Amino acid sequence: MLVAERRNQIIEMLRRDDRVLVGPLAEQFGVSEETIRRDLANLEQMGVAMKCYGGATLVDNRNAPPFKVRKKLNVEEKRMAAALVARMVEDGDFLMLDDSSTSYFVARALHGKKRLTIVTNSIEIILDLSGVRQDWTVISTGGNLGQDVFAFFGRQAEETIRSFHVDKAVISCSGVDRNGRFTEAGIENANIKRAMMESSRQVILAIDSHKFDNTAFLTVGEIKQLNTIVTDKNPGPGWPELLEKQGVELVVPQQPGT
């Protein structure tokens, strides 16, 4: 059984029973308890579960984890991906950045660029970019303020996004699976990402490598709708070939000596 399949089954158990235990899961799937603990840690990062003594409990996976939590997870991986994205941005570009913690690190990596126009629903990004450069234009989508995420959502935000046409949209997600989908934990987050994809000539998915072989609550889109996936390392066997078949460029840090 693939890791993603096991984790999907654990998610279904959580939705059915509200709680799972490490021991019974290890016995059921024929794996070690340490493997199950890693699964539960991954589901916690995705915002699906909350670890507790002996197992995990279900959280409301209609919403992503609070931004202040996401910003502290896998920081080095996100910084590596952000640095690669920054190399793809040219002076004078028109961009969209979603409210993900990865896009926050992308925004910080862009500080040396000139004459950028950035449309975002992220209050954190707006605050970070405030006063960084006089030759930048930063546009807020407006909309309904999300809880614990410091971002705008809803119809107004989506309509504002669709009124623009930009060079590149940088988005992130909760999971990418081998069925050719990329997925998200929250409905409003997914709607924002879809609107940004529709309004951009080039769509860049920036994720840390832990997101591969994961499936979150709902589908944002198909991998083939993306132009580029940027991550901190090779995602593992089969992934480069799968993405090449989908016509998606995979960008990872260059290894020493290559």
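For the reader, a short list of remarks on this structure follows.
- Rounded to the nearest 5, the antiparallel percentage of DSSP beta bridges internal to the range 140-239 is 45%.
- If you run the Gaussian network model on the chain, springs between alpha carbon atoms under 10 Å, then out of Met88, Met50, Met80 the most flexible one is Met88.
- Exposure of Thr57 as accessible area (Å², to 10), given a probe of 1.4 Å and all protein chains: 40
- DSSP-defined antiparallel bridges as percent of all bridges, the chain, nearest 5: 40
- Among Gln225, Gln28, Gln45: highest mean-square fluctuation, GNM of the chain, C-alpha pairs under 10 Å: Gln28
- Across the options Gly143, Ile118, Ile207, the greatest Cα extent toward the positive end of the charge dipole of the chain (unit charges at beta carbon of Lys, Arg, Asp, Glu) belongs to Ile118.
- Surface share of carbon and sulfur [accessible, 1.4 angstrom probe, percent] for the range 146-258: 45
- Length-normalised contact order for the range 143-211 - Cα pairs under 8 Å, 6+ apart - percent: 37
- Per residue, the average separation of C-alpha pairs within less than 8 Å and at least 6 apart gives the range 124-242 a relative contact order of 23 percent.
- For the chain, the mean residue ellipticity at 222 nm estimated from helices alone is -11000 deg cm²/dmol, where every DSSP H run of n ≥ 4 contributes -39500 (n - 2.57) and the total is divided by all residues, rounded to the nearest 500.
- Amide H to amide H distances under 5 Å link Gly55 with Val22, where only residues 5 or more positions off or on other chains count and H is placed in the peptide plane.
- Contact order relative to length of the chain, as percent, for alpha carbon pairs under 8 angstrom and 6 or more apart: 16
- Estimated inter-spin distance, Asn8 and Gln246, nm [label 7 Å along Cα→Cβ]: 1.4
- Cα gyration tensor, the range 10-53 - rounded (a/c under 1.5), prolate or oblate: oblate
- Accessible surface calculations at 1.4 Å, restricted to protein heavy atoms, place the chain at 48 Å² per residue.
- Percent carbon-and-sulfur accessible area, the range 6-47, ignoring ligands, DNA and RNA, probe 1.4 Å: 43
- 5 angstrom amide H check on Val119, placed H, neighbours 5+ away: Leu95, Met96, Leu97, Ile139
The values are calculated or read from the model by the stated rules, or taken from the named source; none is laboratory data. Just so it is clear, the structure is predicted and the values come from calculations on it, not from any experiment. Neighbour counts run over all protein chains shown; Cβ positions are idealised from the backbone, glycine included. Only protein heavy atoms, including side chains, enter the accessible area calculation; ligands, DNA and RNA are left aside. Shrake-Rupley method; radii C 1.70, N 1.55, O 1.52, S 1.80 Å.
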